[in-house]
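Presented below is the structure to which this report refers.
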Amino acid sequence: MSESEAPPIAATSHPDVPRHVAIIMDGNGRWAAARGLPRGEGHRRGVEALRRTVRAAGELGIRYLTIFSFSAENWLRPKAEVQDLLGLLRRFIRHDLAELHSSNVRVRIIGTRDGLATDIRLLLEEAEQLTRDNDGLDLIVAFNYGARQEIARAARRIAEKAARGELSPEDVTVEEFSRHLDSPDLVDPDLIIRTSGEQRLSNFLLWQAAYSELVFLPVYWPDFDRAMLEQALEEYRRRERRFGGLVARTGS
């Protein structure tokens, strides 16, 4: 799609649509294996699914979309596959950033950048800097991310403040802890979707997912499209959210 064909992705919200949707994009390798294709082809098709999903999220009125693009544990995969994944990230930013910017999407990155190749760090910084003033869809990319690692980083930041005498033990509340996470101003996800049929969070947004609705879809990520996103949203609307107390209607 050319820039002239891509209208701005609005930040408007709808009462029956979750503000924040997070997605564990799982099943690229199995999608490829089922078709006798190399795993790398599954990852490439997964990028196409991501493009479809970003566009659909904006059109449906979702305000924040967080994607689990590369986990801290993904470094344990075969070296060739890791290099393929990093290559896809490079191409995605270089080829898609201009369109995301012209569509008023704000790109944000969570996860640690320690140990990343210099060109990867610069690309991530470029994506954030170029789009930081956009006020449409917020696209949060969890890259080199692990929830336990994020929680440990927050605990370390609090411990450092305590060592400097800036915090006392009684100051460490849930709210104070949240302020030390990777993206403290981000609202918790209302809905977390995982594709491929697996039913676990796999170290993704563990702190933020405390009251998220979870939807698991038996489809591999490369086949994910707007219809499947709408299916997950419809399931979300049927849920009764209690937050440990009285029933709250979803989307309210």
Can you tell me, using C-alpha contacts under 8 Å and at least 6 residues apart, the relative contact order of the stretch 4-151 as a whole percent? 33
Of the options Leu124, Phe177, Ile158, report the single residue whose Cα projects farthest towards the positive end of the charge dipole of the stretch 120-193 (beta-carbon charges: Lys, Arg +1; Asp, Glu -1). Ile158
Mean residue ellipticity (222 nm) of the chain, computed from DSSP H runs ≥ 4 via -39,500 (n - 2.57), nearest 500: -13000 deg cm²/dmol
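Expressed in nm to one decimal, what extension gain is obtained for the pair Lys79 and Arg52 from 0.36 nm per residue of sequence separation less their Cα-Cα distance?
Details: separation 27, 0.36 × 27 = 9.72 nm, distance 2.83 nm.
Extra length available between Lys79 and Arg52 comes to 6.9 nm.
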Charge dipole (the stretch 195-243, unit charges on Cβ, about Cα centre) - positive-most of Leu217, Met228, Phe204: Phe204
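Grab the alpha carbons of the stretch 77-140, take their convex hull, and tell me the volume per residue in Å³. Show your work: numbers first, answer last.
On the way: hull volume 5.6 nm³, N = 64.
Hull volume normalised by residue count: 87 Å³.
How do Val172, Val21 line up, fewest other C-beta atoms within 10 Å first?
Ascending Cβ contact count within 10 Å gives the list Val172, Val21.
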How large is ³J(HN,Hα) for each residue in the stretch 28-36, as worked out from phi by the Karplus curve 6.51 cos²θ - 1.76 cosθ + 1.60 (θ = phi - 60°), to whole Hz, x for Gly and Pro? 4, x, 5, 4, 5, 4, 5, 10, x
Going by amide H atoms built from the backbone, whose H comes under 5 Å of the H on Ala22, apart from near neighbours? Thr66, Leu191, Ile192, Ile193
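If I require 27 Å or longer along the helix axis, counting alpha carbons, and a Kyte-Doolittle average no lower than -0.5, what helices from the chain are left? Use full DSSP H segments. Numbers along the way, then the final one.
Working: long enough: 39-60 (31 Å, -0.98); 79-102 (35 Å, -0.19).
Long hydrophobic helices here: 79-102.
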What are the residues whose amide H is under 5 Å from the amide H of Ser196, where those residues sit 5 or more places off or on another chain and H is modelled from the backbone? Leu217, Val219, Tyr220, Trp221
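Treat every Asp and Glu Cβ in the chain as -1 and every Lys and Arg Cβ as +1, leave all other atoms uncharged, and give the resulting dipole magnitude about the Cα centre to the nearest 20 debye. It would help to have the intermediate numbers written out before the result.
Working: 36 positive and 39 negative charges, 124 e Å.
In debye, rounded to 20, the chain gives about 600.
Quick note: the coordinates plus some simple rules give every number you see, no bench work behind them. Everything quoted here is computed from the prediction, not taken from an experiment. Ideal geometry is used to build each Cβ from the backbone, glycine not excepted, and the neighbour counts take in all protein chains shown.
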